[in-house]
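The numbers here are math on the coordinates, done by the rules we state, and not lab data. Here the structure is a predicted model, which means the values were calculated and not measured. As a convention, Cβ positions derive from the backbone with ideal geometry for all residues, glycine included, and neighbour counts pool all protein chains shown.
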Amino acid sequence: MEKIPEKIEKKLHLLPEQPGIYLWKDADGRVIYVGKALSLKNRIRSYLSTPEKDVKTRLLMSQAQDLDYIITLSEKDAFLLETTLVKRHRPKYNILLKDDKRYPFVKITSAEPFPRLILTRDRVEDGSRYFGPYTDVKSLRLTLRNFEWVFPIRTCKREIPADKVRYKKACINYQLGKCLAPCIGAVSQEEYLRVVKRLVAFFEGRHQEVLEELRAEMNQQSENLEFEQAAKSRDRIQAIERIQKRQVVHSIEARNLDVIGFYQEENVAVAAVLRIMNGMVVNREDYPLSNVSNIESQDVLAAFIKLYYADKDMLPEEILLPLEPSDFDELQTWLKGRLHLPQRGDKSHLLAMAKRNAFQLVEERKLAHIRRANRTIFPVQELKEKLALPKLPRKMVCLDISTIQGSNMVSSAVFFENGKPKKSFYRRFIIREIDTQNDYAALQETLSRFLEETHKNEAMLPDLIIIDGGKGQLSACKKVLDSSEHSDIPILSLAERAEEVFLPGRSDSITLPRSSASLRLLIAIRDEAHRFAITFHRSRRSKRTLLSELEDIPGVGEHTKFLLLKQFGSVEGVRKAEVDQLMTVKGIGRQRALQIYEHYHSS
């Protein structure tokens with residue numbers, strides 16, 4: 001950061017020496033990094049004074065335009081608040097759990113007389129029990145479906161009071177044995193809550209406790225000659241036992257552990273958490289991590305631990321780690337001494353298994369990335385070969401115009417990189433140098449203005465220019481290109497009817513096979529340019545239509561018309577506004593407000 005931005009500079013002399021949280025913001029006010037500090041003053045000044053910075057910090061400071069901070073009572077409070085703010089803002093330079101919002105929790109409600117089980121992605125502090133999040137959503141749904149009759153509690157939204165029966169008919173789940181139907185009074189509240197308690201124990205991994213209860217219940221039912229109920233209890237016992245047989249058993253005594261496997265390679269990192277309950281591996285949760293380029297493994301692991309355990313209702317007895325993370329003492333205090341780094345024995349074996357899972361996940365992600373890249377780059381390679389282009393057209397721009405009978409003429413330039421849209425490089429233009437409908441001149445103006453944009457940002461300079469049109473449009477744009485410093489950039493046009501490709505210097509068109517990936521890519525780019533131009537044209541036309549209805553008001557210019565529509569939403573809203581309301585619009589005093597009011601009410 002060569003020059004300190006004005007907003008940051010104004011705050012530097014106000015920085016306290018107390019602990020707290022600091023938030024770097026970009027030019028649009030978005031939080032791009034959240035950090036904690038023992039001394040806010042010293043930490044923030046270190047960003048601005050240290051000449052040697054790592055790659056991430058240099059990028060961060062090149063975009064930082066503003067700063068906020070929150071003072072905390074202690075470093076521990078700063079530690080906890082940092083995690084909360086990272087989850088809330090998801091800053092681009094903090095390490096994050098990729099797509100962690102998509103992972104569902106199992107929620108067992110507590111504020112209802114007859115609690116229900118639901119899947120939710122929102123975790124609210126409402127006293128309910130939450131289990132998860134579960135990364136393997138498909139497996140979770142299958143498990144719940146198979147266990148609906150083992151723990152038949154309701155999943156519906158019916159309001160069911162404890163003291164009276166509100167409904168006369170139960171849903172089909174009751175007939176299928178998947179719900180005890182408290183809605184029709186088919187079960188007492190005491191009996192229902194006993195099933196809920198068992199379900200909670202099951203999710204907590206206390207399977208043996210649930211089995212012992214069910215066996216005692218089955219024996220009691222047999223003694224009471226309730227053979228049908230006893231058979232149901234037996235089936236439930238067998239279902240839980242089948243689950244136990246599928247789980248890996250370890251020689252560790254009945255302990256609850258989290259084993260964190262971790263693997264990082266360049267810009268890819270994954271944490272795999274093995275959940276062990278009562279000595280059995282009951283689940284594996286996989287967490288890809290983003291923003292890890294040029295970050296040490298110790299820092300990535302520390303960030304993961306903070307994010308992962310921030311929302312946990314229950315902590316295991318021990319958390320096994322493959323290496324010592326940064327901020328180890330703070331993490332150990334926060335997690336009440338549960339962190340361990342075993343070097344030998346069964347726990348070391350578990351760590352090796354978790355790491356093997358993490359390594360496999362990294363390999364799978366790399367392979368998936370290669371496959372995705374091949375899907376998008378292959379049409380680009382085919383385009384180079386079919387059209388004999390001098391270089392691979394990784395960056396392509398397509399130009400299109402939109403107009404109705406020559407009015408409100410606009411144009412678009414859409415940008416594709418490696419076969420995918422790059423919307424930050426999209427541009428749209430209001431055609432200003434011609435009064436009548438002239439597609440050739442409009443495209444020439446569009447190309448000239450887009451090339452001007454590339455002077456501001458060289459990354460926008462394309463390897464191929466695509467024109468929506470035929471030979472005439474291509475010839476017109478080729479003249480602009482030849483008169484510029486970029487005459488060597490290849491250019492083509494795509495005729496809409498027969499999907500013919502025209503190249504400069506050729507009288508005949510090139511017809512690409514309808515099934516070819518290269519033609520599909522050209523059509524996709526052309527259609528995107530068309531969509532972008534039409535959308536812009538419609539918004540301009542709509543706005544102009546509204547403004548035209550205000551044309552007759554004396555003394556009201558374009559800007560004031562826009563402000564009136566923004567304030568009142570429509571011409572009808574302006575018509576109905578009183579004088580005092582009109583005066584609330586910026587730039588409108590009493591005299592002008594009276595003119596506007598009388599314009600609509602003079603008759």
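Once every DSSP H run of n ≥ 4 in the chain is given -39500 (n - 2.57) and the sum is divided by its residues, what mean residue ellipticity at 222 nm do you get, rounded to the nearest 500 deg cm²/dmol?
-14000 deg cm²/dmol
Which ³J(HN,Hα) values, rounded to whole Hz and listed in residue order, are derived for segment 459-468 from phi using the Karplus coefficients 6.51, -1.76 and 1.60 in 6.51 cos²θ - 1.76 cosθ + 1.60 with θ = phi - 60°, glycine and proline given as x?
Coupling constants for segment 459-468: 5, 7, 5, x, 8, 7, 10, 10, 10, 7 Hz.
With +1 on the Cβ of every Lys and Arg and -1 on the Cβ of every Asp and Glu, and nothing else charged, how large is the dipole of segment 395-541 about its Cα centre, in debye rounded to the nearest 20?
540 debye
How fast does segment 48-163 diffuse by Stokes-Einstein, in µm²/s, taking the Kirkwood radius from C-alpha pairs at 4 °C and 1.567 mPa s?
It comes out at roughly 70 µm²/s.
Restricting attention to the alpha-carbon atoms of segment 452-505, what are Rg (one decimal) and Dmax (integer), both in Å?
In order Rg, Dmax, the Cα atoms of segment 452-505 give 11.9, 37 Å.
Over segment 258-360, what is the mean sequence separation of C-alpha contacts under 8 Å (at least six apart), divided by residue count, expressed as relative contact order in percent?
Dividing the mean separation by the residue count of segment 258-360 yields 34 percent.
What is the distance in Å between the Cα centres of segment 149-220 and segment 459-510?
Their Cα centres are 70 Å away from one another.
Once Lys and Arg get +1 and Asp and Glu get -1 on their Cβ, which of Ile153, His349, Leu315 lies farthest toward the positive end of the dipole of the chain?
Selected residue: Ile153.
How large is ³J(HN,Hα) for each residue in segment 4-17, as worked out from phi by the Karplus curve 6.51 cos²θ - 1.76 cosθ + 1.60 (θ = phi - 60°), to whole Hz, x for Gly and Pro?
Running phi through 6.51 cos²θ - 1.76 cosθ + 1.60 with θ = phi - 60° gives 6, x, 4, 4, 6, 4, 5, 8, 4, 6, 8, 5, x, 8 Hz.
Which three numbers, in whole Å and largest first, are the semi-axes of the equivalent ellipsoid of segment 395-541 derived from its Cα gyration tensor as √(5λ)?
Gyration-tensor ellipsoid for segment 395-541: 21, 17, 17 Å.
Scaled to the compact-protein estimate 2.2 N^0.38 Å, what is the alpha-carbon radius of gyration of the chain, rounded to two decimal places?
1.32
Would you list Ile21, Ile401, Ile489 from fewest to most Cβ contacts within 10 Å?
Ile489, Ile21, Ile401
How big is D, in µm² s⁻¹, for segment 248-402 by Stokes-Einstein at 4 °C and 1.567 mPa s if Rh is the Kirkwood radius over C-alpha pairs?
Approximately 71 µm²/s, per Stokes-Einstein.
How big is the charge dipole of the chain about its Cα centre, in debye rounded to the nearest 20, if each Lys and Arg gets +1 on its Cβ and each Asp and Glu gets -1 on its Cβ?
About 1020 debye.
Residues with amide H under 5 Å of Arg394's amide H, sequence separation 5 or more or different chain, H placed in the peptide plane at 1.01 Å from N; which?
Under 5 Å from the amide H of Arg394: no residue qualifies.
Run through every distinct alpha carbon pair of segment 142-269 and return the Kirkwood hydrodynamic radius in angstroms, one decimal place.
17.2 Å
Can you compute the charge dipole magnitude of segment 268-330 about its Cα centre, using +1 on each Lys and Arg Cβ and -1 on each Asp and Glu Cβ, nothing else charged? Give it in debye, rounded to the nearest 20.
Approximately 320 debye in magnitude.
Among the listed pairs Lys25/Lys87; Lys11/Lys41; Lys312/Lys347, which have their C-alpha atoms separated by more than 20 angstrom in this model?
With Cα atoms farther than 20 Å apart: Lys312/Lys347.
With 17 Å as the cut-off, how large is the P(r) tail for segment 102-205, expressed as percent of Cα-Cα pairs?
52 percent
Rounded to a whole number of µm²/s, how large is the Stokes-Einstein D of segment 6-94 at 10 °C and 1.306 mPa s, given Rh as the Kirkwood radius over C-alpha pairs?
Translational D for this selection: 121 µm²/s.
Amide H neighbours of Arg116 under 5 Å, at least 5 residues apart or on other chains, H built in the peptide plane: list them.
Amide H neighbours of Arg116, under 5 Å, 5+ apart: Thr109.
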